[in-house]
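Below is one structure; the comments refer to it alone.
The values are calculated or read from the model by the stated rules, or taken from the named source; none is laboratory data. All of these numbers come straight from a predicted model, not from anything done at the bench. Counting neighbours? That spans all protein chains shown, and the Cβs are built from the backbone with ideal geometry, glycine included. Surface areas here come from the heavy atoms of the whole protein model, side chains and all, with no ligands, DNA or RNA. Shrake-Rupley method; radii C 1.70, N 1.55, O 1.52, S 1.80 Å.
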Amino acid sequence: MPRILELPASEIVRKVKVQEISVEEYISECFERIRTADPKIHAFLTLTEDYALMRAREIDSRIRRGEKVGSLAGVAVAVKDNICTMGVRTTCASKMLESFIPIYDATVIERLKAQDAVIVGKTNMDEFAMGSSTEQSAFGPTLNPYDLERVPGGSSGGSAASVASFEATVSLGSDTGGSVRCPASFCGVVGLKPTYGLVSRYGLIAFANSLEQISPIGRTVADVATVMDCISGHDSRDSTSVNTGPTSLRSHLIEDVSGIRLGVPKELFGEGTEEAVSKGVWNAINRLIGLGATCEEVSLHSLKYALASYYIIAMSEASSNLARYDGLRYGFRLEDDDCDWSEAYSRNRREGFGPEVKRRIMLGTYALSAGYYNQYYLRAQRVRTLIRQELSRVFKNFDLLASPTMPILPYRLGEKLRDPLEMYMCDVDTVTANLAGIPAVSIPCSSHQGLPIGVQFMAPPFREDLLIRVSYTLEKNLELDLKPAV
Amino acid sequence: MHVETVPELKVKIGLEVHCQLTNLKSKLFCSCSADYRDSEPNTHICPVCMGMPGTLPVLNRKAVEDAIMIALALNMQVSSRTLFYRKNYFYPDMPKNFQISQYDRAGGVPIAKDGYVTIDGGRKVRISRLQLEEDPGKLVYEGTIETSKATLVDYNRAGVALAEIVTEPDITSPREARIFLQKLRSILEHLGVSSGELEGSMRCDANISIEGGTRVEVKNISSFKEVERALNFEMTRQRSLIRKGLRIGRETRHWDELRRVTVTLRVKEEEEDYRYFPEPDLVPILISREDVERLRASMPELPDSRKRRLMEQYGISMQNAEVLTDNKALAEFFEACAANYSRPDLLSNWIVGDLLSYLYDMGLELRETKLTPQHMVGMLRLIDDGTISGKIGKEVLKEIMVTGEAPENVVKARGLIRISDREYLERLTDRVFEENPKAVKDALKDEKAVRFLVGQLMKLTEGKADPQLANILVRNRLKASAGK
Ligand SMILES: [Zn+2]
């Protein structure tokens, strides 16, 4: 594998700007790598090779002419297939949207393009981001680059796996309840879920609007910071977008954690946590203590109800968001429509959606129904408020909370498919950040029998800078021996 | 106060009025033009109002300002914080299969609540709620619903801003419902937020119950004109059920405009569950006191104060002032005429009496006629200077409403100028006397026969004879014949 593929984004930008390498060469190498690796891991659903090479040549010629290029000039980006890309099919890994081609770019895509990033393709995911293993894709699962018999995590499994296997330099995923941090942890890469509202959701096909954020994935903390600085900031097309400019996280790539107060919530080291995971995470925490951070165990009682609250809210919102897929205006539609509209809707939805999507639509519909609304949806919202309140109290005494990202190591394909509850349980450590709208990062901290383990840090709203600083310090001070198998 | 003879049990009517905010340039949550009428189907749409995957709504803040103005005009309390909710149900006219609305059940906070509208010189109809929501698209059939091969959908209307105004069941008759709606429309038109003359811009659902009975909802009343008709039908239907000793079930009925009947849509057991929950893609609407006060200060004159002003400024009667201000176009027309005419009381009688009844007969709105204030005043001046009689004036008015001709031209072209030529009329009187010897004989002792002879003279001149002169000439001629 050529070394250029292993370089961080900033190095690629530097090299192409000084014409040490052309964007075209580098992008061609990416597609060579995809041709070798992707038949094994299936990270991509759609490749945009012609477009990417055309863009590459265009950026090259601007550089040769001495014109200004963007902060991500030439960098290969893989994009989760629930983020709309103009003219490029965007499927949500669902039969329902198999042939859907948006006529608009998501705001994040516009911003990436404006900084001359090159989109190489659309990545696999759990259908409509509903899952934690990328096994629920209508187009077949993605496999973990570290062990092809294991899942890459999900739902942004393709985005994490493509970066872990050097098919792309960075990628975008979306994180609704851990959908970026989970696969980042399982694939040994860095994933940052921003504060709710910091990155525009315009063009992100909704699963659970009040919880999700588009989130960058990279092999280094610096790469994640670079992408965040490009995609963040206010967008008038998203009413929930906060009124701030873009972040400047690259200026927080500082190797210094002295005085940082870490809280370690007991509830996030629950009984389902595998020992290897727990050990790996504590190893990282101890490393930070060695570098000047302080640490204290803390208990957050409301977190016990986080998972239940999360699933009720997510499914409720999903049941409404996905109502629009009826086959009338776009998307999957059965040819035989000699029936009334309501029957046609039922047939299209029956055929177009996979089993997990249908399960969540039904559960969400139930939770919002008259007579159950108070008992489920409203109560879940109350728990959400409690969690926010408890967290804001805890953040008076701590700068960050540390925990495992995933309680378990990457598991084998099919292992958790039979029991949806078992699958849902895996999100127990990640959903809190989404419920509270706070930023959280997962970075590799250890490995066990060749499988990566991730540590998660959560910060108060808009303190991505702290996450970047601590992650960066940890990255510089841990000697990890992580080598993907592909 | 209006008094109606109620021979039977009392009726209670509540209305739910949907008014498009037609003054807005764009739809409620996207930048598509809201002026969709007369456009090709599906040309006023964009990814947002079509609910395409990944798109998000952005609130048109001007719609909130409109709503606040309406709230103030209806004497309502404006909320400081209110939310949009999703109302979930599948229907082909809704691109997202949910409607962004506000929660109208217990616990929901509308943009404004608790106001009233004064009708019929003092009676109050309480307004319980005002909220904003998006209009759905429109189902279109080729030919009629029965013969059309397919149902077509036009999404041009989808996402247009609607203000929903809900009354308490304070309305006591179908006629009063119409009067209330007329007043409401006038208020909205005075505010300049909604133009009721645009087709389908104001629609209404009603609930109606007979004293002691069950509440029945009537949906799909597409215009204010239909409301009285639909409610009359429903009132009669319920009364006859009660007379037969039958129970009225709680249900939702549909007004069939063609057959002019209400038919069952669904009974209570099947009532839809809309699974309301707060719209997560929009943030709460915050309305500050300053916003409200700024809008209050910029409020235009409303029908009630205009009524008082018309009475003071022009000295017209309260009844006329009320009729004029119940219809903004009429009030405007009156004032435009009055600016150039010195007898406003007479003018107001003409507008409220003749003009309004011609409009009613023709089934037209004032703006649909060709009548201008100049021509109205011109016609009145022709009467005042004796060129035409009042009766001819009515004919002229009807004609200039249709043709837009200047009244002087109409009078000239049709030879309607009053005949005051004494010699000519005397010759005609002779003729009348020759042709009606019996009436002449009777007229010596019977006043009725005198009037008959005058009438005959008028008839010969097609009504153009100066009636006073005609009267004098007939009587003179009678005296002359009696003296023989
Ligand atoms: Zn639109």
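Observations
- When B:Thr55 is tested against (1) more than 14 Å from chain A (Cβ to nearest Cβ); (2) within 16 Å of the ligand (Cβ to nearest atom); (3) open to solvent by less than 30 Å² (accessible area, probe 1.4 Å), only condition (1) is not met.
- Selection of the stretch A:48-86 for residues being under 19 Å from A:Pro2 (Cβ atoms) and within 19 Å of the chain's Cα centre (by Cα) yields A:Val75, A:Ala76, A:Val77, A:Ala78.
- Where strands (runs of 3 or more DSSP E) fall wholly inside the stretch B:140-252, the ranges with 2 or more residues that are away from the ligand (no atom under 16 Å from the Cβ) and more than 14 Å from chain A (Cβ to nearest Cβ) are B:161-167, B:202-210, B:216-221.
To keep it simple, each residue is scored yes or no on (1) in contact with a Gly (Cβ under 9 Å, 6 or more places away or on another chain); (2) polar (S, T, N, Q).
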{"residue": "B:Cys30", "(1), (2)": "yes, no"}
{"residue": "B:Ser39", "(1), (2)": "no, yes"}
{"residue": "B:Thr55", "(1), (2)": "yes, yes"}
{"residue": "B:Asn60", "(1), (2)": "no, yes"}
{"residue": "B:Val64", "(1), (2)": "no, no"}
{"residue": "B:Leu74", "(1), (2)": "yes, no"}
{"residue": "B:Ser79", "(1), (2)": "no, yes"}
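- For the stretch B:45-52, the criterion of being in contact (Cβ under 8 Å) with a residue 60 or more places away in the chain and farther than 30 Å from B:Leu152 by Cβ is met by no residue.
- Residues of the stretch B:89-123 that turn out to be small (Gly, Ala, Ser), open to solvent by less than 10 Å² (accessible area, probe 1.4 Å) and away from chain A (no Cβ under 14 Å), as a count: 2
- Qualifying residue in the stretch B:105-125 (condition: under 22 Å from the mean Cα position of the chain (by Cα) and basic (Lys, Arg)): yes
- The residues on offer are B:Ala63, B:Ala71, B:Ala67, and the sole one that is assigned by TED's automatic domain parsing to the domain that holds B:Leu241, within 16 Å of the ligand (Cβ to nearest atom) and within 27 Å of the chain's Cα centre (by Cα) is B:Ala63.
- The one condition from (1) at positive phi; (2) open to solvent by less than 10 Å² (accessible area, probe 1.4 Å) that A:Glu317 does not meet is (1).
- Search result, residues across the stretch B:37-52 that are within 13 Å of another protein chain (Cβ to nearest Cβ) and more than 20 Å from A:Leu97 (Cβ to Cβ): B:Asn42
- Residues that are part of a strand (DSSP E or B) and of a type in the set (A, V, I, L, M), drawn from the stretch B:102-139: B:Ala112, B:Val117, B:Ile119, B:Val125, B:Ile127, B:Leu130, B:Leu132, B:Leu139
- So A:Thr176, is it within 14 Å of chain B (Cβ to nearest Cβ), surrounded by 24 or more Cβ atoms within 10 Å (Cβ to Cβ) and among the hydroxyl-bearing types (Ser, Thr, Tyr): yes
- Tally of residues being open to solvent by less than 20 Å² (accessible area, probe 1.4 Å) and of a type in the set (Lys, Arg) across the stretch A:281-314: 0
- Any hit, the stretch A:339-350, residues being free of Cβ contacts under 8 Å to residues at least 24 places away in the same chain, more than 9 Å from chain B (Cβ to nearest Cβ) and of a type in the set (A, V, I, L, M, F, W, C): yes
- Matching entry among A:Ala114, A:Ala106, A:Ala73, A:Ala93 (being surrounded by 22 or more Cβ atoms within 10 Å (Cβ to Cβ), more than 14 Å from chain B (Cβ to nearest Cβ) and either of a type outside the set (D, E, K, R) or over 20 Å from A:Ile217 (Cα atoms) (or both)): A:Ala73
- All of (1) away from chain B (no Cβ under 14 Å); (2) open to solvent by 10 Å² or more (accessible area, probe 1.4 Å); (3) of a type in the set (S, T, N, Q) hold for A:Thr240 with one exception: (1).
- Flag for B:Arg309 being away from every other protein chain (no Cβ under 14 Å), surrounded by fewer than 14 Cβ atoms within 10 Å (Cβ to Cβ) and out of contact with any helix residue (DSSP H, G or I) (no Cβ under 7 Å at 6 or more places or on another chain): no
- In the stretch A:345-360, the qualifying residues are those that are in a helix (DSSP H, G or I) and open to solvent by less than 20 Å² (accessible area, probe 1.4 Å), and the one that is farthest from B:Tyr91 (Cα to Cα) is A:Glu356.
- Among (1) assigned by TED's automatic domain parsing to the domain that holds B:Val474; (2) of a type outside the set (S, T, N, Q); (3) open to solvent by 30 Å² or more (accessible area, probe 1.4 Å) - the single one B:Ala443 does not satisfy: (3)
- For A:Val227, the criteria (1) part of a loop (DSSP other than H, G, I, E, B); (2) of a type in the set (Val, Ile, Thr); (3) out of contact with any helix residue (DSSP H, G or I) (no Cβ under 6 Å at 6 or more places or on another chain); (4) away from every other protein chain (no Cβ under 14 Å) hold in every case but one, which is (1).
- Hits in the stretch A:316-329 - residues which are more than 7 Å from every other protein chain (Cβ to nearest Cβ) and of a type outside the set (A, V, I, L, M): A:Ser319, A:Asn321, A:Tyr325, A:Gly327
- Some residue of the stretch B:170-189 being open to solvent by 20 Å² or more (accessible area, probe 1.4 Å) and over 17 Å from the mean Cα position of the chain (by Cα): yes
- Residue check for B:Glu217: among the acidic types (Asp, Glu), surrounded by fewer than 18 Cβ atoms within 10 Å (Cβ to Cβ) and more than 28 Å from B:Lys307 (Cβ to Cβ): no
- B:Ala470 vs. criteria over 21 Å from B:Gly386 (Cα atoms) and either assigned to a loop (DSSP other than H, G, I, E, B) or not polar (S, T, N, Q) (or both): no
- Lone unmet requirement of (1) small (Gly, Ala, Ser); (2) in contact with a strand residue (DSSP E or B) (Cβ under 9 Å, 6 or more places away or on another chain); (3) within 16 Å of the ligand (Cβ to nearest atom) for B:Ser31: (2)
- Within the stretch A:369-394, being within 26 Å of the chain's Cα centre (by Cα), open to solvent by 20 Å² or more (accessible area, probe 1.4 Å) and away from chain B (no Cβ under 12 Å) holds for A:Val383, A:Thr385, A:Leu386, A:Arg388, A:Gln389, A:Glu390, A:Ser392.
- Number of residues in the stretch A:49-63 that are more than 11 Å from A:Ile27 (Cα to Cα) and surrounded by 17 or more Cβ atoms within 10 Å (Cβ to Cβ) equals 3.
- Selection within the stretch B:59-88 - part of a strand (DSSP E or B), open to solvent by 10 Å² or more (accessible area, probe 1.4 Å) and within 13 Å of chain A (Cβ to nearest Cβ): B:Tyr85, B:Lys87
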